[in-house]
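Structure first, then comments.
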Amino acid sequence: MYLKEALEIIRREALHADRVDWVQVTHECQVMCAGAQAEAAVFPAIRHALAALRDGHSHLRLPDAGTVHRGIIGLYFTGGVIALVLPGSPADLAGLRPGDHILSLQGQPVGPGVNEGLLPDAALTFEVERAGKRQGLTLTREDAPAVPPDPQGRLIAPGTGLVTLPDCDLGGTLTGGRPYQDRVRDILLDLSARGASRWVVDLRLNLGGNMWPMLAGIGPLAGEGELGAFVKGEERWPWCYARGEASIGGEVLSRTPGTLPPLPDTVPVAVLTSPLTASSGEIITLSFLGRRGTRLFGEPTRGLTTSNSLYELPGGASLLITTALDADRTGRVFAGPVEPDVPTGTDWAEFQTAKDPVLNAALDWLGRT
């Protein structure tokens, strides 16, 4: 019954359910979990069905996903250059750092995409280069704590505030239970009080997650009203921001009181993106498109410009199924990466330092605006 319920939800709700031969996939799933007694034994079959959608976004969320990363290496790289290392992961404990070059994985060169070449093997052999020195190491997949990254803010130049928005867990809280949106609100209020009148919003390490706290927090910089929409065929569901509240269809999904008043849309705001900017990170990117004072800097986003809806399963697991495409406030529908206005490659070893080429390109534009 567990598998049957999951398959029925996927068939009914998935945007691309028509891509699948459900007779064949159902048979394959039944074979995979024949004799299964525990719910967890059905998970591989559910993942098989989700993969058959070929949307690159639908996935199964385990019951403890908010607290533990299961069986990870713990790094994200793009074009073979490490961009992010998860705290407490095997990659972190091995000393890998952003900017390190992965020369080979399992003896093979890596591809140009995000984590392209990172195989699901339990143990992986890397050849890594840092500052001209090569090192070989083998990492074994392990469980690691899921540590929610904190939004950060600082004055990056006189009158210019830098706000870094990382991904947001589905629970919408940071370490200690503080709401994500409240942290962003406090950053905006602090930087504004210290004279920020131009802004940089850095989404380069925003892997996605819960869009609503992100939108409620950063909304004053994006503007009020309809900032984008989910689209499926002729149907359209706008997402909105107003007075500290992020909503859809009149339902407020995240709020933070006492936030910064919305900026006029002529105030300069530079938005920074990378191939790691994905899913809800891309939705926040889209929420700035069509705003007169905004320019995008960096690299094209991941291309997961689709909306995932959550469907709970018995026992605490959930299906996150792609159900719609994303559109910006002008009505332009996206089905792939968001392209920057000013293409600039990130030097991950110099991320947010004085030598960061993307940040410097944004600061140059802000200084001339």
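The values are calculated or read from the model by the stated rules, or taken from the named source; none is laboratory data. Quick caveat, the model's predicted, so the values are computed rather than measured. Glycine gets a Cβ as well: all are built from the backbone with ideal geometry, and neighbour counts include every protein chain shown.
Of note:
- Scanning the range 169-186 turns up no residue that is assigned by TED's automatic domain parsing to the domain that holds residue 273 and closer than 14 Å to residue 156 by Cβ.
- Contacts under 9 angstrom Cβ, first residue in the range 190-215 being outside the structural domain of residue 293 (by TED's automatic domain parsing) and within 27 Å of residue 58 (Cα to Cα), partner among the basic types (Lys, Arg) and in a loop (DSSP other than H, G, I, E, B), 6 or more apart: none
- Residue in the range 258-268 that is part of a strand (DSSP E or B) and buried (at least 22 other Cβ atoms within 10 Å of the Cβ) present: no
- Answer from 349, 327 - the residue that is assigned to a helix (DSSP H, G or I) and at pLDDT 95 or above: 349
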